[in-house]
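For reference, the structure is listed below as structure tokens.
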Amino acid sequence: MPAVEEAQITRYLSKYKYVGATKKDVVDVVTTYRSLTYDLQKFGECADNAAPQKVADPHHITPLFCSFAVFNDGTAKDLFTLQGTIPVVYKNNTYYIPICIWLMDTHPQNAPMCFVKPTPTMQIKVSMYVDHNGKVYLPYLHDWQPHSSDLLSLIQVMIVTFGDHPPVYSKPKEQVAAPYPMNCRCPARISIPFLITFLLFLAFMPQPGGAGPSGSFLPYPTAGGAGGGNFPPYPTGSNFGPYPPAGGAAGYPPYMNFPQPGGGYPPAGGYNAASNASSTGTITEEHIKASLISAVEDKLRRRIQEKVNQYQAEIETLNRTKQELVEGSAKIDAIVSRLEREQVDLQKNIAVLKDKEQELEKSLETLESAEAIDPDEAVTTTAPLYRQLLNAYADEAATEDAIYYLGEGLRGGVIDLETFLKHVRTLSRKQFILRATMQKCRQKAGLAG
């Protein structure tokens, strides 16, 4: 990891109690899983702008619906967080599950808090490991040990657990049917936000002609055109009457009907629907077209964003694989270089051993062709004084051995005490003379001792 990133991690962890152990955990995770990013945020901070929410348990947080959570005493803390995706293999397919890990300021003494953060196209699948808020419950977290548990093992446990019990699933595509038949040239599928906005607009839409001075709407025109008769009043308050018949000269146009191509509400009393469409708020074909275009753009934008996120995750995976391959290639090159050096050294050693073997063969041939050597003549001296000293030393050593074995014979009952004393007395006298001779020879030769 670059020194700049390590310095940034150390700065984020400056207020933590165990900076060294926490930094080691974080570096191991970020190095192994490149798709995870780190940051320092308020405890439980989310993307929306909801009001702060107190939580009774500091290990509980609702990351989907809070701006930031606080502890029991109302305080909030800046905590180190790891966010991103982890690869989970489910039915031989690899999926990238978005997660968020919050590290307590006493890490690793206390277990971290883990959450699943689904994208807009995902839905949390509640199980024994994940609740409806996305909080993760694992035996590894429950049995967290400060000296043996770490974040890297935690993520590996999450990958294995999520592979057996997926925490999220894809939302079904939204299909909304028309509440009643509409005779308009528009697509059959309309997004829910657009439909809700459109129905609310129709519910509060002012009627043609605008409001009068008293605030009540003018009556609907008759279907007879400019030569129509009296206008029945528009029912308001509790003055509701029966609906007029749909046909005939005195009929009313259907309520909340969409304008038809080339037509609209029937004109009456000089009213022109086409000219007053923009001023009275009537929905025209251009409005519907613009709304549909906006809905399609939103849907395309969401799908494009999904594809971009998917391709970014794939690119991150490929980059991580590339980096692992490059590191493996560097290790292989180093091993090959070391093997080549060892091969050169081995060849040198083989050459040296062959030379030594040839020397030994020559020495063996010389010894085989040479005559037998007399042991007494194998060791020679350079002067008669040294020869006398050598002979006296050899006789003295032999005398010492003879006295030793006489003692062993007496101990074993081989000889009696009288024989032992007789021979020991003779040998001791001889040994004394030999030692005196050796001492005089050393003095004459100028040897030490």
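The values are calculated or read from the model by the stated rules, or taken from the named source; none is laboratory data. Given the structure is predicted, the values throughout are model-derived calculations rather than measurements. For neighbour counting, all protein chains shown are included, and Cβ atoms are generated from backbone atoms with ideal geometry for every residue, glycine included. These area figures cover heavy atoms from the full protein model, side chains too; ligands, DNA and RNA do not enter into them. Shrake-Rupley method; radii C 1.70, N 1.55, O 1.52, S 1.80 Å.
Of note:
- Restricting attention to region 311-357, the residues that are over 37 Å from the mean Cα position of the chain (by Cα) and small (G, A, S) total 1.
- Search result, residues across region 393-404 that are free of Cβ contacts under 8 Å to residues at least 12 places away in the same chain and either of a type in the set (V, I, T) or open to solvent by less than 100 Å² (accessible area, probe 1.4 Å) (or both): A394, A397, A398, D401
- Restricted to region 361-382, and to residues there that are of a type in the set (D, E) and open to solvent by 100 Å² or more (accessible area, probe 1.4 Å), the residue that is nearest to D395 (Cα to Cα) is D376.
- Test: residue in region 383-405 that is over 30 Å from G446 (Cα atoms) and touching a Phe, Trp or Tyr at 6+ places or on another chain (Cβ under 8 Å): no
- Any hit, region 30-40, residues being at pLDDT below 85, part of a strand (DSSP E or B), touching a Phe, Trp or Tyr at 6+ places or on another chain (Cβ under 9 Å) and more than 24 Å from V168 (Cα to Cα): no
- Answer from M104, M122, M113 - the residue that is within 24 Å of K299 (Cα to Cα), open to solvent by less than 70 Å² (accessible area, probe 1.4 Å) and out of contact with any helix residue (DSSP H, G or I) (no Cβ under 7 Å at 6 or more places or on another chain): M122
Yes or no, residue by residue, for (1) touching a Ser or Thr at 6+ places or on another chain (Cβ under 7 Å); (2) surrounded by fewer than 10 Cβ atoms within 10 Å (Cβ to Cβ); (3) among the polar types (S, T, N, Q):
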site	(1), (2), (3)
S337	no, no, yes
N391	no, no, yes
L410	no, no, no
D416	no, no, no
L434	yes, no, no
K440	no, no, no
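- Test: Y169 is outside any loop (DSSP other than H, G, I, E, B), closer than 30 Å to A295 by Cα, in contact with a Pro (Cβ under 7 Å, 6 or more places away or on another chain) and open to solvent by 50 Å² or more (accessible area, probe 1.4 Å): no
- Per-region count, region 102-128, residues among the aromatic types (F, W, Y) and over 14 Å from I86 (Cβ atoms): 1
- Taken over region 419-432, the criterion of being within 14 Å of E400 (Cβ to Cβ) and either in contact (Cβ under 8 Å) with a residue 60 or more places away in the chain or surrounded by 13 or more Cβ atoms within 10 Å (Cβ to Cβ) (or both) is satisfied by H423, V424, L427, K430, Q431.
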